[in-house]
Amino acid sequence: FIIGGDCLDKGPSDLALLRAVRRLIETGADYTLLAGNHDVRLLMGLRAMGRHGDPTTEHLFVRMGPKVVPLLKEVHDAFEGEHPSSNAVPDEAECRRRLYPSPRWFDAFPRAARGRVSEPMVERELVRMRHKVETFGEVCAAAGLTMRQVYAAASRCQRLFLAEDGEFAWFFHDMQLMRRHGSFLFVHAG
């Protein structure tokens, strides 16, 4: 089996899909899990969450944009009763501060990216990020999520996907960029 990537792409049943893939793996099936751009974007966003100070990465959580909201909603709904007490989740303003790039990001990013990517690419990223910063909260609210719920669900995702004992820790660990089979080379097309 070659799973083509983007297992985490706009829901609505990302966790169910991953659990089905895990059951397939447990049968001993010969499989390759290709890294999709949406999967890698989630990995980068979860790792960057709350880590301000590096303008090349601090924007990556909100950079995921609306495509990650169905996963956050699914995680919120699936684990709602298991979230830490409301005292453990910061207030709305602090959750927003931890998830969004810092106010200085729009000035710091072009300087940090200079020499790494072209000026037009930097400008495109700034335009994209202005839009995502303006709309991410609205998209979350439309899905029925407050910023505190988004933060709690994202924190749960960090434990599910990044913690060594997380239910889906295998997912990023098993991903590969390509699979060669005879004269064929399989890669994710995104």
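Some observations on this one:
- Modelled FRET efficiency - R0 25 Å, R128 with E80, Cβ distances, 0.05 increments: 0.20
- Segment M44-Y31, extension gain: residue separation times 0.36 nm, minus the distance between their alpha carbons: 2.3 nm
- Along the chain, longest interval not containing exposed trypsin sites (Lys or Arg not before Pro), exposed being DSSP loop plus at most 14 other Cβ atoms within 10 Å: 117-190
- Amide hydrogen neighbours beyond the local backbone of Q176, cut-off 5 Å, H modeled: L33, L34, A35
- Placed amide H near I2: partners under 5 Å, 5+ positions off or other chain: T32
- Legend: calculated FRET efficiency, Q176 to S13, from the Cβ-Cβ distance at R0 = 25 Å, rounded to 0.05, equals 0.60.
- A141 versus I2: modelled label distance in nm, points set 7 Å from Cα along the beta carbon direction: 4.5 nm
- Tensor-based shape of the chain (alpha-carbon gyration tensor, a/c under 1.5 rounded, otherwise prolate or oblate): oblate
- Residues in the range 1-110 average 48 Å² of solvent-accessible surface per residue, probe 1.4 Å, ligands and nucleic acids excluded.
The values are calculated or read from the model by the stated rules, or taken from the named source; none is laboratory data. Just so we're clear, the structure is a prediction, and the values are computed from it rather than from any experiment. So basically every Cβ, Gly included, is an ideal-geometry build from the backbone, and we count neighbours across all protein chains shown. Surface areas here come from the heavy atoms of the whole protein model, side chains and all, with no ligands, DNA or RNA. Shrake-Rupley method; radii C 1.70, N 1.55, O 1.52, S 1.80 Å.
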